Amino acid sequence: MHAATRASLTLAVILTVATAPVAAATAATSPCFSGEGHQFDIGGEGAGIDLAVFLSVFENLGGEGGFGMEASGSIGNDSIVQLRAGVAFDGVGPAAAFLSNPFSRFSVVYDYSMRLPMFADSGIESSYEDDGSPVSGLDATAC
């Protein structure tokens, strides 16, 4: 599936729920980010986005943490697009090692998938997954 098609479909899902109500819950957990995230539900019965924002890198200064988000867009009971993106921090660790190379303690979190169940039986490529980091120069953390 071409990048322009992926972007168009992702934009269509986002625009579908853009005017829908937003509800905030208290906490979410993740295999990608440490600590608890802040959960938001966007949309309603037809289409929606489940969004969790993680800010533990700011809530646990100096310790292990992360800064990022996880979003899952769905229509009805079908999950269409999922994105996990952000930065994980392994904590300061030994001060001398941190001061000599502070970026060695950071890694990129990235995982993207899109599935179009309405085309699954048509023979058309109906899914896409990517877990390679879009950022060079930093290690990637698998989810």
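The figures follow:
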| read-out | value |
| --- | --- |
| Hits in region 127-143 - residues which are at pLDDT below 85 and either small (Gly, Ala, Ser) or open to solvent by 80 Å² or more (accessible area, probe 1.4 Å) (or both) | ASP131, GLY132, SER133, PRO134, SER136, GLY137, ASP139, ALA140, ALA142 |
| Members of region 64-84 that are outside any strand (DSSP E or B) and either open to solvent by 50 Å² or more (accessible area, probe 1.4 Å) or among the aliphatic types (A, V, I, L, M) (or both) | GLU64, ASN77 |
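Conditions (1) of a type in the set (S, T, N, Q); (2) over 28 Å from GLN39 (Cα atoms); (3) in contact with a Ser or Thr (Cβ under 6 Å, 6 or more places away or on another chain), marked per residue:
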position	(1), (2), (3)
GLU59	no, no, no
ALA71	no, no, no
ARG84	no, no, no
PHE89	no, no, no
ARG105	no, no, no
ASP121	no, yes, no
TYR128	no, no, no
SER133	yes, no, no
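Condition check ((1) hydroxyl-bearing (Ser, Thr, Tyr); (2) in a loop (DSSP other than H, G, I, E, B); (3) within 17 Å of the chain's Cα centre (by Cα); (4) under 16 Å from ALA28 (Cα atoms)) across all residues:
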position: ASP41; (1), (2), (3), (4): no, no, yes, yes
position: GLY62; (1), (2), (3), (4): no, yes, no, no
position: GLY86; (1), (2), (3), (4): no, no, yes, yes
position: GLY93; (1), (2), (3), (4): no, yes, no, no
position: MET118; (1), (2), (3), (4): no, no, no, no
position: SER122; (1), (2), (3), (4): yes, yes, no, no
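The values are calculated or read from the model by the stated rules, or taken from the named source; none is laboratory data. All values reported here derive from a predicted model rather than from experimental measurement. Using ideal geometry, Cβ is built from the backbone for each residue, glycine included, and neighbour counts are taken over all protein chains shown. Remember, those area values only see protein heavy atoms, side chains included, never the ligands or the DNA or RNA. Shrake-Rupley method; radii C 1.70, N 1.55, O 1.52, S 1.80 Å.
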